[in-house]
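Novice: Dropping the structure in here first, questions after.
The values are calculated or read from the model by the stated rules, or taken from the named source; none is laboratory data. The shown structure was predicted, so the numbers you read here are calculated from the model rather than taken from an experiment. Positions of Cβ are generated from backbone atoms using ideal geometry, with glycine treated the same way; all protein chains shown enter the neighbour counts.
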Amino acid sequence: MERFSYERSVAVSTFTSSLAHSNSSRPGVALVSISRLQSLCESVAPRYAGRARFFSVREGYGAAVTALQAYVDAGAVDVVLAAGSNGAYLRDNLSVPVVMVKVNGFDVLSAITRATTGWPGAKIGLVLHETISHELADLSAWLNVGLKQRAYRSIDEVRLAVAGLAAEDCSVIIGPGMACDFAQQAGLASVFLYSLGAVEEAFERSVELARVSRQKESKRVRLNTIVAHLRDGVAAFDDAGQLEAVNPAMLDLLGLDRKQDVPAQLTRAVGPLLREALEHDMPVEERIEQIGGRALIVNCVPILEQGVRSGSVLTVQDALVAQRIDRSLRTSQRPKHLVARHHLDDLVGSSAALERVRRLARAGAAHDATVLLSGESGTGKELVAQGIHNASRRRGNPFVAFNCAALPEGLIESELFGHEEGAFTGARRGGKPGLFEIAHTGTIFLDEIGEMPAALQSRLLRVLQEREVMKLGSGRATPVDVRVIAATHRDLHALVEQGVFRADLYFRLNLLQIGLPPLRERRGDVAQLARHVLNRNARQYGLSDAALERVLAFLTPLFEHYAWPGNVRELENLLARAAIYQSDSAGEDWQDLQTVFPEFGRMRQVAAHVDGALGHAHTPAHTPVDASGRRSPTREDVVRALEQAGGNRAAASRALGIGRTTLWRLMRD
């Protein structure tokens, strides 16, 4: 660094304390001069005090850089105003813009006029920064002036230029402040080259540039602050691959040592990605990379300025964080109705067959293995599936049920696996997630799995094997964490032998198999189950306790002898029908039980067939029987019941198990 030997007092100051600190939002301008220019600048500065803060730095070259660096680092100085070789040196060694006080032709001619007027006939020496003016040399003869020119680039060259002009008999020196000072030391006259207009023009440029620089710096600091607080790593590179900016998260995610050469470490870690994006002129998007021993999601996109690539920005995200966010989003955005309402304790009954179902279901709930529920229609397969879900660690997460026989093949595929926008005619705008994605972290219940079309069985098998789904129209698979519970009323093994169902899918599903017994195989549970259902629905049907008992008494013949082909579902429907017709308002208007409850007639037919096969006597033909096979009450029975009830028709009707209308008809007949 060049040593500054010019004799001046060393000082860095501000004009006034109020100017320096009254409004920190104003941009800062440093006025740097080691000569007479400083006084001229200080005389102009008060005019711009409302637009900027000014710092007077009476140093030059290396000493000025040292003095200014603290201001620059603190963000107090946005622009430096200087002149000549001092300004050129500062421009090369400071990170902030440097505005030069420029000398124009009018300034030179004005200085020459002052010199010729003050010292007529004297030879004049002109000292200019960097280059001499050939046009002015051509004009010197026309101006009738003995003019010599010298150029300088440093302080020493100024001194040599003045000495050289003095040796050529120049008695007046025109130049910057240093040249004037050296001329005075040599006993020569001098004219200061810079004019007030040139300084004012430099002030205008520096104040405007400082304002723009302050705005840009404010935006840069704001952006850096935002980026520094991002959890994702961000790094910016220029078009040559040189690091321009990096946030702390990037260093942490890549495991870089901040005490070492960060740009070199970062280039080694992500250099191949940058080169790939540059060579193929294509962004790298959502790439999973193993860097520093951890899985990262990497993106590398170009920075375009006015349509021209000027660099690249690289972002990385921890894959584990992305997975947690994905789980949170899926949980918060899933439909509220995807909830399992039933528990294993909702299975009513104490038969050995039902206890076996509970035991197997609890064992299956403790693990994430696939469960296959088999049993006739109406045996409660979905209730057991919901109970397994609520007894597992996935409780609280979505429970999604889907009937594989409810939709045509094309719609089943879209419902289960989802589709992208435009995947087919009528596809939802923006695409649609499939039920497997919706059930992420939860359970999907595939009812009637035996009815699934053969073309979709292979896709389902891949989901079970790979734990990922691919939407229709998409080329990328989405990982899912789903427990699968399947159900069927058909014999899947027989379907496999017939070639209707894939054997590999069957063995994948048939890991934990639970067979649900039909209601006819646990008749001891029927009465308890019937009472539970009626108690649960008593308010819905307006049943009083007495009416509830009447319904149970009325249906008792079915509990022991009926085959229950519809199982629990049929029992629930029959109880609802009996509750409606046995209500206080409608129960007395029955005319034909055979029509309302054909189940009694079917049971009587079966019983008669069995009795005939066993040689039992049938009910005599002359004895009237009702639809349930019981003997119908006669007029004598009515009279006897009325006598026992003290003439109370309602009590007599209840004793005979008939309505009061029927009682009145028998009395009338």
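Novice: What number of residues in segment 110-132 are free of Cβ contacts under 8 Å to residues at least 40 places away in the same chain, surrounded by 13 or more Cβ atoms within 10 Å (Cβ to Cβ) and not in a loop (DSSP other than H, G, I, E, B)?
Specialist: 2
Novice: Give me the pairs: first residue in segment 75-90 and under 20 Å from SER154 (Cβ atoms), second residue among the charged types (D, E, K, R) and modelled with pLDDT under 90, beta-carbon distance under 7 Å, and six or more apart or on different chains, which are they?
Specialist: Note: pairs meeting the criteria are SER85/ARG153.
Novice: Follow-up question, since we're still on this one. Take the residues of segment 442-474 that are among the hydroxyl-bearing types (Ser, Thr, Tyr) and more than 25 Å from ARG393 (Cα to Cα): which is surrounded by the fewest Cβ atoms within 10 Å (Cβ to Cβ)?
Specialist: Restricting to residues being among the hydroxyl-bearing types (Ser, Thr, Tyr) and more than 25 Å from ARG393 (Cα to Cα), the top hit is SER458.
Novice: Looking at LEU435, LEU505, LEU461, LEU495, which is the one that is modelled with pLDDT of 85 or more and closer than 27 Å to VAL339 by Cβ?
Specialist: LEU435
Novice: Here is a further query. If LEU266 satisfies all but one of (1) touching a residue at least 40 places away in the same chain (Cβ under 8 Å); (2) part of a helix (DSSP H, G or I); (3) surrounded by 14 or more Cβ atoms within 10 Å (Cβ to Cβ), what's the number of the condition it fails?
Specialist: Condition not satisfied by LEU266: (1).
Novice: Among the residues of segment 229-262, count how many are within 16 Å of ILE291 (Cβ to Cβ) and in a helix (DSSP H, G or I).
Specialist: Final tally of qualifying residues: 7.
Novice: Further question on the same structure: Could you tell me whether LEU495 is in contact (Cβ under 8 Å) with a residue 40 or more places away in the chain, within 52 Å of the chain's Cα centre (by Cα), part of a helix (DSSP H, G or I) and not assigned by TED's automatic domain parsing to the domain that holds ALA401?
Specialist: no
Novice: Then there's this: Out of ASP504, ASP525, which single residue is assigned by TED's automatic domain parsing to the domain that holds PRO433 and in contact (Cβ under 8 Å) with a residue 40 or more places away in the chain?
Specialist: ASP504
Novice: Based on this model, can you work out whether ASP73 counts as assigned by TED's automatic domain parsing to the domain that holds LEU31 and crowded, with 19+ Cβ neighbours inside 10 Å?
Specialist: In short, no.
Novice: Can you find even one residue in segment 475-482 that is touching a Gly at 6+ places or on another chain (Cβ under 8 Å), assigned by TED's automatic domain parsing to the domain that holds GLY387 and either surrounded by fewer than 21 Cβ atoms within 10 Å (Cβ to Cβ) or under 29 Å from ARG356 (Cβ atoms) (or both)?
Specialist: Yes: segment 475-482 contains one or more residues that are touching a Gly at 6+ places or on another chain (Cβ under 8 Å), assigned by TED's automatic domain parsing to the domain that holds GLY387 and either surrounded by fewer than 21 Cβ atoms within 10 Å (Cβ to Cβ) or under 29 Å from ARG356 (Cβ atoms) (or both).
Novice: Which condition breaks for ALA210 when tested against (1) of a type in the set (Gly, Ala, Ser); (2) assigned to a strand (DSSP E or B); (3) buried (at least 17 other Cβ atoms within 10 Å of the Cβ)?
Specialist: The number of the failed condition is (2).
Novice: VAL127 is checked against (1) more than 27 Å from ARG91 (Cβ to Cβ); (2) modelled with pLDDT of 85 or more; (3) not hydroxyl-bearing (Ser, Thr, Tyr) and fails just one. What number does that condition carry?
Specialist: The number of the failed condition is (1).
Novice: Which condition does ASP504 not pass, out of (1) over 30 Å from GLY450 (Cβ atoms); (2) in contact with a helix residue (DSSP H, G or I) (Cβ under 7 Å, 6 or more places away or on another chain), if it passes all the others?
Specialist: The failed condition is (1).
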